[in-house]
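Have a look at this one before I ask anything.
The values are calculated or read from the model by the stated rules, or taken from the named source; none is laboratory data. Small disclaimer: the values here were computed from a predicted structure and weren't measured. For neighbour counting, all protein chains shown are included, and Cβ atoms are generated from backbone atoms with ideal geometry for every residue, glycine included.
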Amino acid sequence: MTSTTSRTGPTTITAVVDEPPARFADLVAAEWIKVRSLRSTPWVIVLVTLVATGVAAARALADYNNFPSYSALAQREHPFSLGDAFPAEAYLTVMLAAVAVGAIATVSEYGSGLIRTTTVAVPARGAVVLAKAVVQAVLWTVVGALVALCSFFVAQAILSGRDAAVPISDPDALRAVVASALLAPVCALVGLGLGVLIRHSATTVVAGSFVLLLLPVFFSSRKPLSAAFANAMVRNAWQRLAQIYGTPTEAYNGATIAGSWTVYALWPLVTLVLALLVVRRRDV
């Protein structure tokens, strides 16, 4: 009689555990590491701060030297004080730097192919774009505040020698400082949104620079419709809020304070909404 013994080996059961989805705070931290790892970021911040502060100091020093030749009214009211603190040429540089860095934060990943790795790790593309927006908004708000405060206090310190300084507690001065500080994150977010839409470094930087810096000069203040378009530009909204041309309302084509703040809010909001809609439907 033959007996057959059947042996059954041990059965191994492997449990598959899904990794939890990345939290939004993790995405923000990852995007901050990407920005911080760029060597150009601190250099851009230092350069922008030095340019704005240096130009403000030069403008204030020129008015300090020319002050005795000004009329009695100009010496008493010194309408040039805020304009010296926030010179247009310096803040055009701030706008250019912010829109370029904001654009590069997105398009650099498309150029290097890193965006494929990012979307595999985090399929929620909209969350990635929002994380980038949070990092750029916080970074450039800090940079904008640093630049605005430095240029303001340096200019007013020089003008104080002629008793022509404006205290930061003055409502117009405080509004100018806040508007100049927020100008940088507004431009950075516009650049980021355009980067998602265009996905090409040079084209995005050129498009952002044209829309924010050059397009306003194409509109005339003589026609109501053209003036309305001009008032809808970020550059013109900043000039109204910073009041760099003194007090005459005519210098701002009828732009209002409330309308200018609305322009600040709508530009980044619209570009980011478009970016979120497009990024979910486009292949990487």
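Looking at (1) farther than 17 Å from TYR264 by Cα; (2) modelled with pLDDT of 85 or more; (3) of a type outside the set (Gly, Ala, Ser), can you tell me which one THR117 breaks?
Going through the list (1) farther than 17 Å from TYR264 by Cα; (2) modelled with pLDDT of 85 or more; (3) of a type outside the set (Gly, Ala, Ser), THR117 breaks only (2).
Name the residues in the stretch 219-270 that are touching a Lys or Arg at 6+ places or on another chain (Cβ under 6 Å), outside any loop (DSSP other than H, G, I, E, B) and at pLDDT below 85, would you?
If the condition is that a residue be touching a Lys or Arg at 6+ places or on another chain (Cβ under 6 Å), outside any loop (DSSP other than H, G, I, E, B) and at pLDDT below 85, then TYR252 is the only one that fits.
Could you grab me the full set of residues in the stretch 271-284 that are touching a Lys or Arg at 6+ places or on another chain (Cβ under 6 Å) and modelled with pLDDT of 90 or more?
none
Out of LEU174, LEU215, LEU194, LEU225, report the one residue that is in contact with a helix residue (DSSP H, G or I) (Cβ under 8 Å, 6 or more places away or on another chain) and either closer than 24 Å to ASN253 by Cβ or not β-branched (Val, Ile, Thr) (or both).
Numbers: LEU174 fails: in contact with a helix residue (DSSP H, G or I) (Cβ under 8 Å, 6 or more places away or on another chain); LEU215 fails: in contact with a helix residue (DSSP H, G or I) (Cβ under 8 Å, 6 or more places away or on another chain); LEU225 fails: in contact with a helix residue (DSSP H, G or I) (Cβ under 8 Å, 6 or more places away or on another chain).
Only one candidate passes the filter, namely LEU194.
Right, another one. With the requirement that a residue be part of a helix (DSSP H, G or I), farther than 30 Å from ALA105 by Cα, of a type in the set (Gly, Ala, Ser) and in contact (Cβ under 8 Å) with a residue 40 or more places away in the chain, what does the stretch 158-187 give you? Please lay out each step first, then the result.
Initially, the stretch 158-187 is screened for residues part of a helix (DSSP H, G or I), giving 158-162, 171-187.
Of the ones still in play, those that are also farther than 30 Å from ALA105 by Cα are 158-162, 171-174.
Applying the additional criterion that residues be of a type in the set (Gly, Ala, Ser) yields 160-161, 173.
Across the stretch 158-187, the qualifying residues are GLY161, ALA173.
Which pairs turn up if I take residues in the stretch 203-230 that are farther than 19 Å from PRO268 by Cα and without any contact (Cβ under 8 Å) to a residue 40 or more places away in the chain and look for partners that are among the polar types (S, T, N, Q) and assigned to a helix (DSSP H, G or I) with beta carbon separation below 8 Å, at least 6 apart in sequence or on another chain?
From residues that are farther than 19 Å from PRO268 by Cα and without any contact (Cβ under 8 Å) to a residue 40 or more places away in the chain, the pairs are PHE219/SER226; SER220/SER226.
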